[in-house]
Amino acid sequence: MPEAIVLVNTDIGSEEEVLNKISSIEGVTEVYVVYGVYDLVVKVSASTTEELKDIISSKIRKLPNVRSTLTMIVVEGKVRK
């Protein structure tokens, strides 16, 4: 199952609004407001790479108040318990 971490820059003051919109997108499994260079960290899962691309390009990047994104495709992961 393809996954990606997407770092999002928003317009100043719109972090909470963008978080709420992103969290309602199917395929988004986690979303956090963070301090630092980026404003949000988003984890996205999809059944195909094409679907993953569509979620990021057509749904996240085109939201109002999203200034830019940086996408990192997950190659390998481990859940710590």
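Could you figure out which of (1) at pLDDT 95 or above; (2) surrounded by fewer than 16 Cβ atoms within 10 Å (Cβ to Cβ); (3) outside any strand (DSSP E or B) isn't true of residue 32?
Exception for residue 32: condition (3).
Of all residues in region 35-65, which are under 22 Å from residue 17 (Cβ atoms) and assigned to a strand (DSSP E or B)?
40, 41, 42, 43, 44
Determine, yes or no, whether residue 37 is of a type in the set (A, V, I, L, M, F, W, C), loosely packed, with under 13 Cβ neighbours inside 10 Å and under 12 Å from residue 10 (Cα atoms).
yes
Please enumerate the residues belonging to region 1-18 that are among the small types (Gly, Ala, Ser) and either closer than 24 Å to residue 74 by Cβ or assigned to a strand (DSSP E or B) (or both).
Passing the criteria: only 4.
The values are calculated or read from the model by the stated rules, or taken from the named source; none is laboratory data. Owing to the predicted nature of the structure, the values given are computational and were not obtained by experimental measurement. No Cβ is skipped: glycine too gets one built from the backbone with ideal geometry, and neighbour counts run over all protein chains shown.
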